[in-house]
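S.K.: One structure follows; several queries about it will come next.
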Amino acid sequence: NENATIGEKVDYEIIGIDPGAGLMKATNQAISDYELSDWTLVEGSSAAMTAALKKAYDKEEPIIVTGWTPHWMFTAYDLKYLEDPKGSYGEDENIHSIVRNGLKEDMPEAYEVLDNFHWTTEDMGVVMMDIYEGESPEKAAESWVEENADKVSEWTDGVDSVDGDKIKIGYVAWDSEIASTNVVGQVLTDLGYDVTLSQVEAGPMWTGVADGSLDAHIAGWLPITHEDYASKYEGQFEDLGANLEGTKLGLVVPSYMDIDSIEDLKE
Ligand SMILES: C[SH](C)CC(=O)O
């Protein structure tokens, strides 16, 4: 009923994603920082979180999810981040390209493309929206590459093609990384590589690059979100720097909810 607290309205649940995501670590930090002892962070997946969000949004029901930018949900729905006055979610950061040691010697062409790969949240948003609207990730990536030949040529100009060399790129099924990894996979395929995109959890993605079973991933949320993974494998990977700038993490609610800050959950 209308007098219920926000906690009572959402059964004191925050709908999260896969447990290995840094976003989940930051949300547990927020639960502790804001003393939300009655609250539960529900583990699941990016897909389960967006399904729960759609179900609630379509019925204009209250819901609190762990969210991030860039993400298609901010285009599909009218959403807002809850203010984070205690800074549990840190500052905006970047997504880095991470490759195994030795890649530069073994696959100089792929290394060069991965080192050059850089695009914007708008670019990523186009591919994510295509996928959200029903296109397969492969087709959405292929279309974007065709329509953005000028940007792709900045990554590939001067890079020799190859003849069927195998390359394996790991990624986690976050909507942002499904988009970026399929675009890079398409570009490397066009260069002649036999590309395998391997969907794994966040931990195994970093472990795979460190032990060489994966050649690369382009899902390094740094410096904070994946700091645990980066420090655990320090020296066992090469960070080629940011491929996208200006990410954000936090708690996200539909704009029809009359709360504005994480502090408001403490009612
Ligand atoms: C969910 S964000 C794409 C990345 C992360 O939180 O680890």
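S.K.: Given region 13-98, what whole percent of its Cα pairs are spread farther than 18 Å?
M.R.: Result for the distance tail: 46 percent.
S.K.: Also: Starting from the Kirkwood Rh over alpha-carbon pairs, what translational D in µm² s⁻¹ does region 35-154 have by Stokes-Einstein at 10 °C and 1.306 mPa s?
M.R.: Here the translational diffusion coefficient equals 90 µm²/s.
S.K.: So what J values fall out for region 58-63 if you push phi through Karplus, 6.51 cos²θ - 1.76 cosθ + 1.60 with θ = phi - 60°, rounded to Hz, Gly and Pro as x?
M.R.: Karplus values, whole Hz, x for Gly and Pro: 5, 9, 6, 9, x, 7.
S.K.: Between ASN148 and ASP211, what is the label-point separation in nm under the 7 Å Cα-to-beta-carbon projection?
M.R.: 3.3
S.K.: Okay, next question. Nearest 5 percent is fine: what portion of the DSSP beta bridges confined to the chain is antiparallel?
M.R.: Antiparallel bridges make up about 60 percent of those DSSP assigns within the chain.
S.K.: Now, a different point. Are there any chymotrypsin sites (Phe, Trp or Tyr not before Pro) in region 146-223 that are in a DSSP loop and have at most 16 other Cβ atoms within 10 Å? List them by number.
M.R.: Loop-located and lightly packed - none at all.
S.K.: If R₀ is 30 angstrom, what is the calculated FRET efficiency for the pair ASP239 and SER261, using the beta carbon separation as r and rounding to 0.05?
M.R.: Result of the calculation: an efficiency of 0.30.
S.K.: If you take the Cα Rg of region 136-202 and divide it by 2.2 N^0.38 Å, with N the number of residues, what do you get?
M.R.: 1.10
S.K.: Now a separate question. With θ set to phi - 60°, apply the Karplus curve 6.51 cos²θ - 1.76 cosθ + 1.60 along region 172-187 and write out the HN-Hα couplings as whole Hz, x wherever there is a Gly or Pro.
M.R.: 9, 6, 8, 3, 5, 7, 4, 5, 5, 5, 5, 5, 5, x, 5, 5
S.K.: Take every Cα-Cα distance within the chain, group them into 5 Å bins from 0 onward, and report for each bin the whole-number percent of pairs it holds.
M.R.: 1, 6, 13, 17, 18, 15, 11, 8, 5, 3, 2, 1, 0, 0
S.K.: List every residue whose amide H lies under 5 Å from the amide H of GLU13, counting only residues 5 or more places away in sequence or on a different chain, with H placed 1.01 Å from N in the peptide plane.
M.R.: THR40
S.K.: Let me ask you something else. Looking at region 7-56, what % of the alpha carbon pairs are farther apart than 15 Å?
M.R.: Result: 46 percent of Cα pairs exceed 15 Å.
S.K.: Under a point spin-label approximation (7 Å from Cα along Cα-to-Cβ), what is the ALA52-THR75 distance to one decimal in nm?
M.R.: 2.5
S.K.: Taking N as the number of residues in region 161-267, what value does Rg over Cα atoms divided by 2.2 N^0.38 Å take?
M.R.: 1.34
S.K.: If contacts are Cα pairs under 8 angstrom and at least 6 residues apart, what is the relative contact order of region 1-66 in percent?
M.R.: For region 1-66, the relative contact order is 45 percent.
S.K.: Still on this structure: Rounded to whole Å and ordered largest first, report the semi-axes of the equivalent ellipsoid of region 111-222 derived from its Cα gyration tensor (root of 5λ).
M.R.: Square roots of five times the eigenvalues give 20, 19, 12 Å.
S.K.: In which sequence would ASP150, ASP215 go, from the one with the fewest C-beta neighbours within 10 Å to the one with the most?
M.R.: Going from sparsest to densest Cβ surroundings: ASP150, ASP215.
S.K.: Kindly state, to the nearest 0.05, the FRET efficiency for ASN28 paired with GLU60, given R0 = 22 Å and r defined as their beta-carbon distance.
M.R.: With a Förster radius of 22 Å, E is 0.15.
S.K.: Rounded to the nearest 500, what is the chain's calculated 222 nm mean residue ellipticity when only DSSP H runs of at least 4 contribute -39500 (n - 2.57) each, over all residues?
M.R.: Calculated from helices alone, the mean residue ellipticity at 222 nm is -11500 deg cm²/dmol.
S.K.: Mind checking the full-extension length gain between ASP163 and GLU135? Use 0.36 nm per residue of separation minus the Cα-Cα distance, one decimal, nm.
M.R.: This chain segment gains 7.2 nm when fully extended.
S.K.: Cut-off under 12 Å on the C-alpha distance; same-chain residues fewer than 8 positions from LYS266 excluded. Which aspartates and glutamates are left, in chain and number order?
M.R.: Excluding near neighbours in sequence, the set is GLU8, ASP33, GLU35, ASP38.
S.K.: Which FRET efficiency value, to the nearest 0.05, is calculated for ASN3 and LYS232 with the Förster distance at 41 angstrom and r the Cβ-Cβ distance?
M.R.: Result of the calculation: an efficiency of 0.30.
S.K.: Using θ = phi - 60° and the Karplus relation 6.51 cos²θ - 1.76 cosθ + 1.60, list the HN-Hα couplings for region 243-252 in order, rounded to whole Hz, with x at every Gly or Pro.
M.R.: Those phi angles translate into 9, 7, 10, x, 8, 8, 10, x, 8, 10 Hz.
Values in this text are rule-based calculations from the coordinates and carry no lab data. These numbers were taken from a predicted model, which means no experiment stands behind them. Note that each Cβ is placed from the backbone with ideal geometry, even for glycine, and that neighbours are counted across all protein chains shown.
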